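Notes follow the structure.
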Amino acid sequence: MFDPIVQQPWLLYSLLALLGLIIGSFLNVVIYRYPLVLLHSWRQECTALLADAAGANNSATGASADANEKAADSPPPGIVWPASHCPKCKAGIRPWHNLPLLGFLLLRGKCRDCGAAISWRYPLVELLTAAMTVIIVWQFGLGWFSALWIVASYLLIVMTMIDLDHQLLPDPLTYSLLWLGLLGSASGITAVPPVDAIIGAASGYLLLWGFYHLFRLLTGKHGMGYGDFKLLAALAALLGWDMLPALILVASITGAVIGTLWLLIKRRDRQTQIPFGPFLALAGWTVLLFGSELQSIYF
Ligand SMILES: [Zn+2]
């Protein structure tokens, strides 16, 4: 059944691109809604903790009043339900406008009901998802290795966008990527020996953890978040510990260049925090595609 698809590369790549666009459209929903779900559950936990503390010593009235106010927050939407709506006017989005990419073009980037601009990042995430899906199969063929890296890429796209929006790399996402790396290695899918994957995970984490505490001792500032350590650990589990120098090199060079440009364009001062996760993700893809070339350059 799959023979004609595999024998016609253009058919295979078109189908993969279409699949990527559809999944990208779902990733957009996850990127927008998952942090809201997380923030809501954290707020509820804090409320419960503050209420406990207030019960324990009656002096903390201010905190408990504040906590009660926050508890009245409406629950966040689920990830899949309710259906998509315009964030500004809340009007439901018609099914044919919900099509990936095509919907954006049909609407010419504006909400049909209130005219609010729809962000370019929605079609951009869809295009990126489609591009990554096609590039990975084009480079590595059809097989388990490509399947693993396509899933990893989807996780990286979601983490990149959530980190840009909220300066946050949620544990369930970084840990999923870490398990993908460890199990991919254990099952022989990634060609990274399990010992290399485990050493990669531990040393990737420790390396950034060390940077972080050194930087904090020297400057008194927090340069990164713990999510960054976990993301590098996951990437090193996927690619092997010997790719750590290449990962760090690409992430810090692109981070420094793009970060500086960003500060200049946005005219922010140097105190502005720039998330590191997107550059780690970029480094992960770069090393996946050009790892051996990069290694030969610095050796
Ligand atoms: Zn609207």
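A few remarks follow.
- Of note, residue 227 satisfies the criterion of being in contact (Cβ under 8 Å) with a residue 40 or more places away in the chain, of a type in the set (Gly, Ala, Ser) and within 15 Å of residue 281 (Cβ to Cβ).
- Pick from region 113-135, criterion without any contact (Cβ under 8 Å) to a residue 24 or more places away in the chain and away from the ligand (no atom under 16 Å from the Cβ), ranking: farthest from residue 289 (Cα to Cα): 120
- Verdict on residue 203 being at pLDDT 95 or above, under 27 Å from residue 143 (Cα atoms) and over 17 Å from the mean Cα position of the chain (by Cα): no
- Considering only residues in region 87-106 that are in a loop (DSSP other than H, G, I, E, B) and more than 27 Å from the chain's Cα centre (by Cα), the one that is nearest to the ligand (Cβ to nearest atom) turns out to be 89.
- Criterion (surrounded by fewer than 17 Cβ atoms within 10 Å (Cβ to Cβ) and either in a loop (DSSP other than H, G, I, E, B) or assigned by TED's automatic domain parsing to the domain that holds residue 152 (or both)) met by exactly one of 264, 232, 282: 264
Okay, residues lined up against (1) of a type outside the set (Lys, Arg); (2) closer than 21 Å to residue 228 by Cβ; (3) not assigned by TED's automatic domain parsing to the domain that holds residue 26:
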site: 113; (1), (2), (3): yes, no, yes
site: 121; (1), (2), (3): no, no, yes
site: 126; (1), (2), (3): yes, no, yes
site: 137; (1), (2), (3): yes, no, yes
site: 163; (1), (2), (3): yes, yes, yes
site: 172; (1), (2), (3): yes, yes, yes
site: 176; (1), (2), (3): yes, yes, yes
site: 181; (1), (2), (3): yes, yes, yes
site: 187; (1), (2), (3): yes, no, yes
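- Condition check for residue 49: farther than 25 Å from residue 168 by Cα and assigned to a helix (DSSP H, G or I): no
- Test: residue in region 31-42 that is at pLDDT 80 or above and within 16 Å of the ligand (Cβ to nearest atom): yes
- Entry remark, region 136-179: residues being among the β-branched types (Val, Ile, Thr) and surrounded by fewer than 19 Cβ atoms within 10 Å (Cβ to Cβ) number 1 in total.
- Scanning region 235-254 for residues that are part of a helix (DSSP H, G or I) and buried (at least 19 other Cβ atoms within 10 Å of the Cβ) returns 235, 236, 237, 238, 239, 241, 243, 244, 246, 247, 250, 251.
The values are calculated or read from the model by the stated rules, or taken from the named source; none is laboratory data. Just so we're clear, the structure is a prediction, and the values are computed from it rather than from any experiment. Please note: Cβ atoms are built from the backbone with ideal geometry, for glycine as well, and neighbour counts cover all protein chains shown.
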